[in-house]
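Since the structure comes first, as C-alpha cells, the remarks are kept for the end.
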Amino acid sequence: MSGVKHDVKFLKLKSIIGFDGNAPKSLWVHPDGEHIVYPFGIKVAVYDLKRHEPEYLDGHSNVISTVALSKTGKYVGSGQINHMGFKALVFVWDWETKKPVLFHESHKVRVESVAFSSCENYVISLGGRDDANVVVYDLNTSEAICGTFSSNRNAGDALTLAALNLRGICFLSGGVYTLKVWTLNPKNRAVSSVDVTLRKIKRKINCIIVDDDDVFAWCGTSTGDIMKVKLNFSKNLNDFFPVFPPTLVACYAKHPKGKGNPNNVTLWHSGVRCLILVGDKKLIGAGDGTIELVEEKEAVIDTMNKTSKLSTPTYPLFRVVKHAEVGSFVTSMQLQGKNKVLIGTIKCEMFIMDLDEFQPKLIISCHTSTIFDIAFPAGYSHVFATASKDDVRVWSIEQSKELLRITVPNFTCSSVLFSHDGRAIWTSWNDGNIRAFTPQSGKLITTIFDAHNKGVSAIAATKDGKKLLSGGIEGQIRIWELKGIYQKLTAVLKEHKGPVSSIDIAPSDLEAASASTDGTCIIWDIQKCVRVAILFSQTLFMGVKYHPSGCQLLTCGTNRQIGYWEIFDGSLIREVEGSISAALNTLDISHDGNFYITGGNDYYVKVWLYKEGITTHIGLGHPAVITAAAIAPDCSHIVSCSADGAIFIWKSPYNTLPTVEAQKAKKEKEENIGGISHEQSVKSVSQPTDDNTEQRNKSLEESKIKTPEGSTTKSSERIKIKSSEGSKIKSPEGSKTKSSEGSKSKTPEGSKTTSPEGSKTKSPEGRPTKTPPTEGSIKCYCTETCGCKPNNPPHSPKSRLEIEAEKKIKMAEEDR
C-alpha cells in the first residue's frame, strides 16, 4: 500500500484535561475575559472559555518556565528551560495571528521571567542562575536594545520582573536580597538601575505588584511578609528617574488572632507567592494554600517591641477580611472580570473563586507527572482510569472531570485495569504490590503483597475473573488464581531477561502474550502454563495487542515499526513504519478490529486501518512524549496521555455505534419507506382493490391444501402469498399451485402449497415440518407477540455472550 496515495486527516479534539501549574505566574486571563493563557509542557495553551476549545502556540523545544501577557493582550511571551550548556528560547506571539513576531536565544539554560512594558513596545526577559542577565528587545524592530547583569555582586539572583503602569520604559526586578528600579534609554541602547534602600532587612522576593499611580510597590517574600516600597517618582509622567532613591516603608504581616501583645505578628506559612490589588484591599496567595483578602490598618504600631530589646522588622498592619484554602502551593492568581479570580496551584489544579462568596471551586485537575496507563471498563465507554505517580484517577468522558482519586503516597502506579464485571480496579505499583479498589468509593479491597521483587510493571486479567497475570521488572510472568478476596500463585514463567512492558490476553482466555524490553515477545498457554511461541526482533518491545479475531498480534517498539505476527507459528507477516524518527510507546486495537492507534516520542497520535496498514488520521497537540493511548469500547472516543500528565480526548473517526440523532433518523426512515407510513401500508394491504379479489381471498382462507398422500393443512391468517399476479413457476415435476391472484406455481413434488418460510405443513409420515425459506421471505425470531414490521427485517437472536455483556453493563451503571 506504500504506492497508494491517500489523504491523512486531523483528529478532532473533544477536550483536554491538563494544566501546568509548576511555573510561577503561569496563569493569565486575557483582557477580553473569554480566554485564558497558561503553559502546557512545551506549548503555550490559549483556551477559549466559551467554546471550550484550546489553541496552541508552538516553537519551544523544552519545558516552558514562564508566561507573560501584555497590558492590552496584544502580545503573549514565554521563556523555557534548556539543558546545561544550551541557550534558552524566548518567544513573543501576536495575539490576533497566533504567529511569533520575535524570538531570541540571549539567555543560558533558563529564563526566569518575562514581562512587557506598559507601552507594549518592549519585552524584558530575565535569565536564571547560570545567566543572571536582563535583556530588553524592541517589539517594533525585533532588535535587541541592551542587556546587563540583573543584580550586584553582594546580592543573590533576580527571580521576577514587574513593569510600571504609567512609565513605559521603567520596570522593577527582585530576587534574593535584591530589589531594583530600572530605566531604559532606547536611543542610547542602555539601561540604568537604582537599588531600593532596604537598610539591614534581607528578603527573598517572590512576586512584585505596582499600584496604578506608580507610587508604591508591594513585594511578597519567602519569609511570609509583604514589603511596601515607595518608588519616589515625581508627579511628572515624563520623568523616568526617581527623585530620591526608592525606600522600604515597612514589612507588613497579619494581625494575630485573639487577645495578646498587639506587636506580635502572624506570617504567611511557606511565604507569599502571589499578590493582587483589589481596590484598596490585597488578595494574597501563600505557599501553604491559603488565600486571604486583607486590608491595611490605619493604626500606628511602635517600632520597638516592648518585650524585646531588638527592633521589629515586620508590623501587624494587615487585617484579614476573608479566608479560604486550596490545599496546595499557590503559583499564580489572576482576576477574571471584577469579581472573580482564577487560582493555579503546584498540583496542576485550577480554581475559580467569587470574591463575594470566597469559596474556591475546582474547575481543572490533572496528573502532575507522567501517566503510564489508561483503562476502560469492559463494554462501558463513559469513564476511564489513568495510572500515574502517587495516585490512580477515574475520569468522565462527557464532563472531562475527575470522578475519583485513589492515592497511594510515594509510590508509582505502572498499570491499571477494570475487572470484567466492573466491581474492582486492579492496579500494579513499583513497590511490588498489586492492589484492588472499588470503582465507586476507591476503598481498598485486597492487596497481593510482594507480587514481584523489583516492582510490578504490567497486569492483565481474564474475562471470567478467575486469573490475573502480572509482569515484573525482573522479567517474570506470574499467574494468580483469584477467589474472592483471596489469591493463589499458580505459576511463575521465567523466559524474559528484561522488564515486562505489556501483557495482553487472547479473546479466548486460553493464551496470553507478553512484551519485554529484551527484544522478545512470548505467547503463553495460560492453562498449561507453558510457552507456545516466541517472537524475536531488533527492538525494545513496548506494546503488544491481540486482534479481536485471536489470529494475529500487533507489536510496537523502539525500532519505529508496527509488527503483524501470526499466532499459529509466531512468524512475522509484515511490518509497517509507525514513525519516521521516534520510538513507539503504545498501541491499542478497536473492538471490531478494523483500526488501531499508536503513540510515541514524536508527540503524534496516529489512527491506522488494520488491513491496509495506512495512516488515516493524526492527532496533534501533545506537548510531551505520548506514553499511553486507548480506544473506547464503543469506538466513539480515543484517549491519549503524555509524560507531562496531560490527557487528550479525541473524537473517533470510526464510531461503530450511531448517535441518538442517527438512531432516530434511521427509525423514521424505516417507518416511512418511500413516503408511505407504516399505518398506510397496512391499510393498503388489508383493503382489496375489487370485489373479486376479496372473494378469492375469502375462499383461499377457507380452503385446504392437499398433499400427494392425501394429508391436509389449513391455511392460517398469518400466511402471506409472495407470488406475483399472473406469474407461473414450473417445478421439475410439472405440478401447479394456484395463488390468490390467479397465478400458478409448481412445487418439486407436485403438491400445491401457499406457505412461506415459517409456516408448517405435514409430511407424508404425518410429522409437522417447516417449508424451506423462499426468496424475499423474512425469518422471525420472536418468542412472544411478533413485533416485526413490513420491509423491516428483524435482528438475529442475541448470543449468550452479548446477553451477559448487557447485564454487566447494566450492573455497572447501577453501581455508578
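How many residues, within region 513-558, are of a type in the set (Lys, Arg) and closer than 12 Å to His496 by Cα? So that I can check it myself, show each step before the final result.
Initial filter on region 513-558 (of a type in the set (Lys, Arg)): 528, 531, 545.
From what's left, closer than 12 Å to His496 by Cα: 531.
The total comes to 1.
Any residue that is part of a loop (DSSP other than H, G, I, E, B) and aliphatic (A, V, I, L, M) - is there at least one of those in region 172-192? First the steps, then the outcome.
Narrowing region 172-192 to residues part of a loop (DSSP other than H, G, I, E, B): 177-178, 186-189.
Restricting the remaining residues to those that are aliphatic (A, V, I, L, M) gives none.
Within region 172-192, none of the residues are part of a loop (DSSP other than H, G, I, E, B) and aliphatic (A, V, I, L, M).
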Handout entry: Residue satisfying all of: in region 344-383; touching a Pro at 6+ places or on another chain (Cβ under 8 Å) and assigned to a strand (DSSP E or B); farthest from Ala458 (Cα to Cα) among these
Key = Met353
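If I ask for residues that are within 18 Å of the chain's Cα centre (by Cα) and either in contact (Cβ under 8 Å) with a residue 60 or more places away in the chain or surrounded by fewer than 19 Cβ atoms within 10 Å (Cβ to Cβ) (or both), which ones from region 405-415 would you list?
From region 405-415, those within 18 Å of the chain's Cα centre (by Cα) are 405-406, 413-415; that's our starting set.
Passing the criteria: only Arg405.
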Practice task
Give just the number: which of (1) within 20 Å of Ile42 (Cα to Cα); (2) in contact (Cβ under 8 Å) with a residue 40 or more places away in the chain does Asn601 not satisfy?
Solution key: (2)
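Go over the candidates Gly128, Gly85, Gly77 one by one and state the one that is over 23 Å from Val176 (Cα atoms) and crowded, with 21+ Cβ neighbours inside 10 Å. Working first, answer last.
Working: Gly128 fails: over 23 Å from Val176 (Cα atoms); Gly85 fails: crowded, with 21+ Cβ neighbours inside 10 Å.
Exactly one residue qualifies, and that residue is Gly77.
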Handout entry: Identity of the residue in region 596-607, crowded, with 22+ Cβ neighbours inside 10 Å and not hydroxyl-bearing (Ser, Thr, Tyr), that ends up farthest from Leu13 (Cα to Cα)
Key = Gly600
Practice task
List every residue pair whose Cβ atoms lie under 8 Å apart, where the two residues are 6 or more positions apart in sequence or sit on different chains, the first residue falls within region 621-644 and is on the phi > 0 side of the Ramachandran plot, and the second residue, located anywhere, is open to solvent by less than 10 Å² (accessible area, probe 1.4 Å) and at pLDDT 90 or above.
Solution key: Gly621/Phe648; Cys635/Ser590
Problem - Which listed residue, of Thr314, Thr307, Thr303, is modelled with pLDDT of 80 or more, more than 20 Å from Glu349 (Cβ to Cβ) and among the polar types (S, T, N, Q) - result: Thr314
Handout entry: Test: residue in region 390-398 that is open to solvent by 40 Å² or more (accessible area, probe 1.4 Å) and part of a loop (DSSP other than H, G, I, E, B)
Key = yes
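Of all residues being polar (S, T, N, Q) and crowded, with 20+ Cβ neighbours inside 10 Å in region 40-74, which is nearest to Tyr137 (Cα to Cα)? Just the residue, please.
Looking only at region 40-74, we keep the residues that are polar (S, T, N, Q), and these are 61-62, 65-66, 70, 72.
The next check asks that each one be crowded, with 20+ Cβ neighbours inside 10 Å; those that pass are 65-66, 70.
On the way: Ser65: 19, Thr66: 17, Ser70: 14 Å.
The residue in question is Ser70.
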Practice task
Filter region 416-433 down to residues that are assigned to a strand (DSSP E or B) and open to solvent by 10 Å² or more (accessible area, probe 1.4 Å) and give me whichever is nearest to Phe372 (Cα to Cα).
Solution key: Leu417
Exercise for the section: Say whether the condition of being among the acidic types (Asp, Glu), assigned to a strand (DSSP E or B), in contact (Cβ under 8 Å) with a residue 24 or more places away in the chain and surrounded by fewer than 17 Cβ atoms within 10 Å (Cβ to Cβ) is met by at least one residue in region 207-216. Expected result: no
Exercise for the section: Scan region 66-116 for residues that are more than 31 Å from the chain's Cα centre (by Cα), of a type outside the set (A, V, I, L, M, F, W, C) and farther than 26 Å from Gln336 by Cβ and report the count. Expected result: 7
Practice task
Go over the candidates Thr368, Thr386 one by one and state the one that is touching a Cys at 6+ places or on another chain (Cβ under 7 Å), open to solvent by 40 Å² or more (accessible area, probe 1.4 Å) and not aliphatic (A, V, I, L, M).
Solution key: Thr368
Handout entry: Index of the failed condition, Pro653 passing every other in (1) closer than 30 Å to Glu349 by Cα; (2) open to solvent by 10 Å² or more (accessible area, probe 1.4 Å); (3) out of contact with any Pro (no Cβ under 8 Å at 6 or more places or on another chain)
Key = (1)
Problem - Matching residues in region 631-650 - criterion: being open to solvent by less than 10 Å² (accessible area, probe 1.4 Å) and touching a strand residue (DSSP E or B) at 6+ places or on another chain (Cβ under 7 Å) - result: Ile631, Ile638, Val639, Ser640, Cys641, Ser642, Gly645, Ala646, Ile647, Phe648, Ile649, Trp650
Practice task
Search region 29-44 for residues that are charged (D, E, K, R) and pair each with any residue that is assigned to a strand (DSSP E or B) when their beta-carbon atoms are under 8 Å apart and the residues are at least 6 apart or on different chains.
Solution key: Glu34/Asp48; Lys43/Tyr56; Lys43/Leu57; Lys43/Ile64
Completion exercise
Restricted to region 602-635 and to residues being modelled with pLDDT of 95 or more and among the small types (Gly, Ala, Ser), the residue farthest from Gly578 (Cα to Cα) is Ala632
Fill in the blank from the handout: Within region 131-142, the residues that are within 15 Å of Phe116 (Cα to Cα), of a type outside the set (Ser, Thr, Tyr) and either surrounded by fewer than 22 Cβ atoms within 10 Å (Cβ to Cβ) or in contact with a Pro (Cβ under 6 Å, 6 or more places away or on another chain) (or both) are Asp138, Leu139, Asn140
Completion exercise
Arg531 passes all but one of the listed conditions (1) under 24 Å from Tyr603 (Cβ atoms); (2) touching a strand residue (DSSP E or B) at 6+ places or on another chain (Cβ under 7 Å); the exception is number (1)
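The values are calculated or read from the model by the stated rules, or taken from the named source; none is laboratory data. Worth saying up front: this structure is predicted, and the values here are computed from it rather than measured. Virtual Cβ from ideal backbone geometry, glycine too; neighbours counted across all protein chains shown. Heads up: the accessible areas ignore ligands, DNA and RNA and are worked out on the full protein's heavy atoms, side chains in. Shrake-Rupley method; radii C 1.70, N 1.55, O 1.52, S 1.80 Å.
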